[in-house]
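Have a look at the structure below before the remarks.
The values are calculated or read from the model by the stated rules, or taken from the named source; none is laboratory data. Just so you know, these numbers come straight off a predicted model, no measurement behind them. Cβ coordinates were reconstructed from backbone atoms using ideal geometry, including for glycine residues, and neighbour counts include every protein chain displayed. Side chains included, ligands, DNA and RNA excluded: accessible areas come from the protein's heavy atoms. Shrake-Rupley method; radii C 1.70, N 1.55, O 1.52, S 1.80 Å.
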Amino acid sequence: MATPMVRAEAVHKNFGRNEVLRGIDIEVAPREVMCIIGPSGSGKSTFLRCINHLEKIDAGRLWVDGELVGYREHGGRLHELPDREVCHKRSEIGMVFQGFNLFPHMTALENVIEAPIKVKKEAAAVATERGRALLDRVGLGDRLDAHPRQLSGGQQQRVAIARALAMQPKLMLFDEPTSALDPELVGDVLNVMRDLAHEGMTMIVVTHEMGFAREVGDSLVFMDSGVIVEAGNPRDVIGNPQEQRTKDFLSKVL
Amino acid sequence: MTEFSADPPVPPGSTRVRPEAIRAVPLRHPWRWVSAVLVLIVLGAVVDTFATSSLHWSVVGQYIFDARILQAAVVTLYLTAIAMVVGVGLGILLAVMRLSPNRVMAWVSWLYIWFFRGTPVLVQIFFWWNINTILPYLSIGIPFTHVMVQASTNTLITPLLAAILGLGLNEAAYMAEIVRAGIISVDQGQTEAAHALGMRRSLVMRRIVLPQAMRVIVPPTGNETISMLKTTSLASIATVHELFFVQQDISNFNYRIIELVIVASVWYLAMSSVLTVFQYYIERHFARGSVRGLPPTPIQRLRRMLFQFHAAPPFGSAAEPGVEPWLPPTMPHSGM
């Protein structure tokens, strides 16, 4: 079997005395789309942020593409990775945020080409070429020079997806990408994500969009208070939940 | 979009006919008139007092373009510029140190700000001007060897350098707080998004955080610059030949004290007015991305007014359908 793209073993995380993650075990295969659902405060966003080391885990092990996240194991001990290597690993993982977090002082195109030029040291012409193509692909080929504030939420989020894809990541993390959008703008963003999934991108999507999870997801994880309550095929989990807690949650969101 | 469209059906009982425009009797404001007249009377009295004093305006006119005064104004300007460059540069460094995860860095920065903000600028300039009394020689060398470069403090610390040190190091303490406020004002999500793209701390600061912090940093920095322009007068204590020192030098001979103070004030006022205009354009530059449309520059306003005067259809005649007679509200960015 191929190396899993993401593997978590008993991942724990606490903020002070507050335990946010209490033992997460998952495996995400290459080209798999995993959706994570659960009530707010269940730790799903925190887990996502652990995968690219925006948060440090306190116990357990976490691997991306067969390599430990944030550490190197040597002589039976863990050594923190230097900043340079942490950044290099992050550059191979795309992340899309609930609040878009586009750089407001740059145009859409500048947002997309900033990291390829400054982090991957690509030639400006090459990065611009791909940036244009990516923005075209997410349906914004005519808004290259718009500043984020001149774009709607849906358009901003699609620029944010293009910005992440510009780094040619091997894994994409989506943190409630449509939660801050007006209902009528959600569809465009989900379509872009659906296309991405069909092209074989490995994706972990924290979402409240059950339709998307059922249709596009290969697997579904239901999290509550820092643990995985139920996981499996999306159709099974949504259509025929086994745990009472899952049933309660689904009855509220469906 | 704000116009009525015929599409939605009119609900029963309501009407689409626009009622007559409101023409009400305007409310009178007698107290506004009373207070305005009172203030003008006081202003008139003040002007009259000075007009009938023995102030010689001809002396003011005689010295306003005096070569010594003009040269002093130039000294004031470049002392302001150099002190601000030192202040801003060191201020950014101190702000970044203050926010550093390295405790020692943060503490040293705090100590610097505490000391330089807590003592008067005049005292600081005076200190640098007289440092030769405690350190007759300054030397830089490799520790524990005899290799070193030595110079007399007296020749090294010129009046101008003493003023630059006093003004610049003091300014850095204030600028550090301004820059720090700017950095903190940038949303945490920006740093996170940049880190997620693999950008390192220094790159995030340079490319993402500082450019956005500028919008918060620039207005108070403009104030600091204008304030610095006037504070340079304190450099007179170190015998720097700037405006205040030179006007005093002249009036020491002709005893036209108030006249020469007015000469200096006219120049201070003129220079700070020019700086205010600069500030407007710089603020406009850093507003990019934070407002949908930039406010027009005075020149753009004038151009638009002239252009519209020709392009606008005369009143009463119907505009050609589909033709936009007005300039779009988003003007092209100026060259700044």
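A few comments on the model shown:
- Taking trypsin sites (Lys or Arg not before Pro) as exposed when DSSP calls them loop and at most 13 other C-beta atoms lie within 10 angstrom, chain A has its longest site-free stretch at A:122-254.
- Under 5 Å, built H, 5+ apart or other chain: amide partners of B:Thr297: none
- Close Lys-Lys pairs in chain A, where close means Cα under 30 Å and separation is 8 or more or interchain: 24
- Square roots of five times the Cα gyration tensor eigenvalues for the range A:125-186, Å: 20, 16, 8
- The protein assembly as shown - convex hull of alpha carbons, volume per residue in Å³: 315
- 5 angstrom amide H check on A:Leu171, placed H, neighbours 5+ away: A:Gly94
- Simple Cβ-charge dipole of the protein assembly as shown, Lys/Arg +1 and Asp/Glu -1, about Cα centre, in debye nearest 20: 900
- Estimated buried accessible area (total), pair B and A, 1.4 Å, Å² to nearest 100: 2200
- Inter-part distance, the range A:119-133 to the range A:1-65, computed on C-alpha centroids, equals 32 Å.
- What a 1.4 Å probe finds exposed on the protein assembly as shown is 61% carbon and sulfur by accessible area, rounded to a whole percent.
- Burial here means at least 40 square angstrom less accessible surface with every protein chain in place than with the chain by itself, probed at 1.4 Å; in the range A:117-140 the buried residues are A:Lys118, A:Val119.
- In the range A:125-229, taking the dipole from charged Cβ atoms about the Cα centre, the farthest positive-side position among A:Phe222, A:Gln168, A:Gln155 is held by A:Gln168.
- Sorted largest first, extent of the range A:53-124 alpha carbons per principal axis (Å): 47, 30, 19
- Look at the dipole of the protein assembly as shown built from charges on Cβ: of A:His53, B:Pro26, A:Val69, the Cα furthest out on the positive end belongs to B:Pro26.
- For the range A:77-108 versus the range A:176-254, the inter-centroid distance based on Cα atoms is 24 Å.
- As a rough guide to protection, the peptides B:44-56, B:22-34, B:72-84 ranked by mean Cβ packing within 10 Å, highest first, stand as B:72-84, B:44-56, B:22-34.
- Our coupling estimate for the range B:20-34, obtained by passing each phi through the Karplus curve with A = 6.51, B = -1.76, C = 1.60 and θ = phi - 60°, is 4, 4, 6, 10, 9, 6, x, 6, 7, 10, x, 5, 5, 5, 4 Hz, Gly and Pro reported as x.
- Surface accessible to a 1.4 Å probe, per residue, for the residues of chain A, Å²: 44
- 3J(HN,Hα) from dihedral phi, the range A:191-206, Karplus parametrisation 6.51/-1.76/1.60, rounded to Hz, x for glycine, proline: 4, 4, 5, 5, 4, 4, 5, 5, 7, x, 6, 6, 9, 10, 10, 7
- Solvent-accessible area lost in complex, 50 Å² minimum, residues of the range B:177-201 relative to chain alone, 1.4 Å: B:Gln190, B:Glu192, B:Ala193, B:Ala196, B:Leu197, B:Gly198, B:Arg200
- Accessible solvent surface per residue of the range B:17-110, calculated while the other protein chains remain in place, 1.4 angstrom probe, Å²: 77
- 5 angstrom amide H check on A:Val33, placed H, neighbours 5+ away: A:Met203, A:Asp218, A:Ser219
- Listed residues B:Gly198, B:Ser233, B:Ile217: farthest to the positive end of the dipole of the range B:192-246 (Cβ charges): B:Gly198
- In order along the range B:157-172, the Karplus-derived 3J(HN,Hα) couplings, from 6.51 cos²θ - 1.76 cosθ + 1.60 at θ = phi - 60°, round to 8, 6, x, 5, 5, 4, 5, 4, 4, x, 6, x, 5, 5, 4, 4 Hz, and Gly and Pro are given as x.
- Within chain A, the longest segment free of exposed loop sites, counting GluC sites (Glu not before Pro) that fall outside DSSP classes H, G, I, E and B and have at most 14 other Cβ atoms within 10 Å, spans A:1-198.
- Taken about its Cα centre, the range B:164-224 carries a charge dipole of roughly 300 debye when the Cβ of each Lys and Arg holds +1 and the Cβ of each Asp and Glu holds -1.
- Within the range A:1-117: Cβ-based charge dipole about Cα centre, in debye rounded to nearest 20 (Lys, Arg +1; Asp, Glu -1): 300
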